[in-house]
Amino acid sequence: MVFKKDVCIIGGGVIGLATAYYLLKAGKSVAVLERAEIGSGASSSCDDMILLQSKKPGIALTLAMESLEMYRDLPRELGMDIGFLSLGGMIIIEDDKQLKIMENFVKQQISYGLDVEIVDRKTLFKKQPHVARYMIASTYSKSDSQVNPLLLMRAFLHNGLRMGMDVFRHTPVIDIDRIGDRWMLKGEKGINIECDSIVIAAGAWSAEIGKMLDIDIPIKPV
Ligand SMILES: Cc1cc2nc3c(=O)[nH]c(=O)nc-3n(C[C@H](O)[C@H](O)[C@H](O)COP(=O)(O)OP(=O)(O)OC[C@H]3O[C@@H](n4cnc5c(N)ncnc54)[C@H](O)[C@@H]3O)c2cc1C
């Protein structure tokens, strides 16, 4: 069976589903191929943090800050609860060595526009009374937020299906061929999809897809 689409997405985790949603919104036809169940990879085994403070100043922090702004409006846009909460976050500091590192890190993050600060011991215990007493300080950013990855994937999936996305579950991609200026994706069970573009959203397994295209993707599952 051969299907025709503008874009094929390999992997039905949060990245594959989000990419599908925004491509559909841009008017593209999209198929998602998932080798097991939707969200069966890292996206259902993770925590729930939109943690800006852990991001290195530079592109990672800039993207995280833009991403947070997108999350704020996403429940309204998707019309579903995604468990978004903005409660702030802290990184606890144990000794002077860590404090020095974090002071420098926080200074750089502030220069990128993040509202983060170092708070002293007294403020730390006021905010978090159950932290071990030997801790000496903490960072604090009111921007650190949370989202429920399961609800988020459900909302992207629901909206994607409503917008005409095709989802092939239990369909591992096993080969990729070039046919003229298009791609032919081969999934198990004889499912073939012809498309203009492929998005590799196979998470920790992306290198296996890279091999099908003679591309070295330096990601290793651990
Ligand atoms: C313990 C833990 C805690 C984490 N906590 C956080 C956190 O607090 N905040 C945060 O932002 N991030 C966190 N992360 C990271 C986050 O989970 C990942 O960045 C995110 O889930 C990656 O999504 P993904 O869609 O790229 O990958 P995945 O969710 O792994 O999706 C990849 C999908 O591709 C499929 N696939 C693989 N090979 C093929 C194939 N050949 N054909 C078809 N499908 C294929 C897989 O089955 C899988 O479903 C955490 C991760 C872990 C492990």
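Read-outs: derived from the displayed coordinates by stated rules, not from any lab. Since the model is a prediction, treat every value here as computed from it, not as a measurement. FYI the Cβ positions are ideal-geometry reconstructions off the backbone, even for glycines, and counts take in every protein chain you see.
Binning the C-alpha pair distances of the range 77-222 at 5 Å intervals from 0 yields a P(r) profile of 2, 7, 11, 11, 11, 10, 11, 10, 9, 8, 6, 3, 1, 0 %, listed from the shortest bin outward. What fraction, in whole percent, of alpha-carbon pairs in the range 1-65 exceed 19 Å separation? Tail fraction, whole percent: 50.
Note on Thr19, Thr62, Thr171: ascending count of other Cβ atoms within 10 Å places them as Thr62, Thr19, Thr171, the fewest first. The alpha carbon centroids of the range 1-73 and the range 161-222 are separated by 15 Å. Placing a label point 7 Å from the Cα of His158 along the Cα-to-Cβ line, the residues of the range 69-88 whose backbone N sits under 19 Å from it are 71-85.
Placing +1 on the Cβ of every Lys and Arg and -1 on the Cβ of every Asp and Glu, with no other charges, gives the range 113-222 a dipole of roughly 860 debye about its Cα centre. For the chain, the Cys residues with no second cysteine's beta carbon closer than 4.7 Å are Cys46. When the Cα centres of the range 77-98 and the range 102-126 are compared, how far apart do they sit, in Å? Computed from Cα coordinates, the inter-centre distance equals 14 Å. For the pair Asp6 and Leu99, the difference between a 0.36 nm per residue extended length and the Cα-Cα distance amounts to 28.4 nm. For the chain, averaging the sequence separation of C-alpha pairs within contact (under 8 Å, six or more residues apart) and dividing by the residue count gives a relative contact order of 33 percent. So for the chain: antiparallel DSSP bridges make up what percent, rounded to the nearest 5? Antiparallel: roughly 60 percent of the beta bridges in the chain. Helices in the chain, meaning DSSP H runs of at least 4 residues, each add -39500 (n - 2.57). Divided by all residues, the mean residue ellipticity at 222 nm is -11000 deg cm²/dmol.
Relative to the current alpha-carbon distance between Ser86 and Arg178, full extension at 0.36 nm per residue lengthens the span by 28.6 nm.
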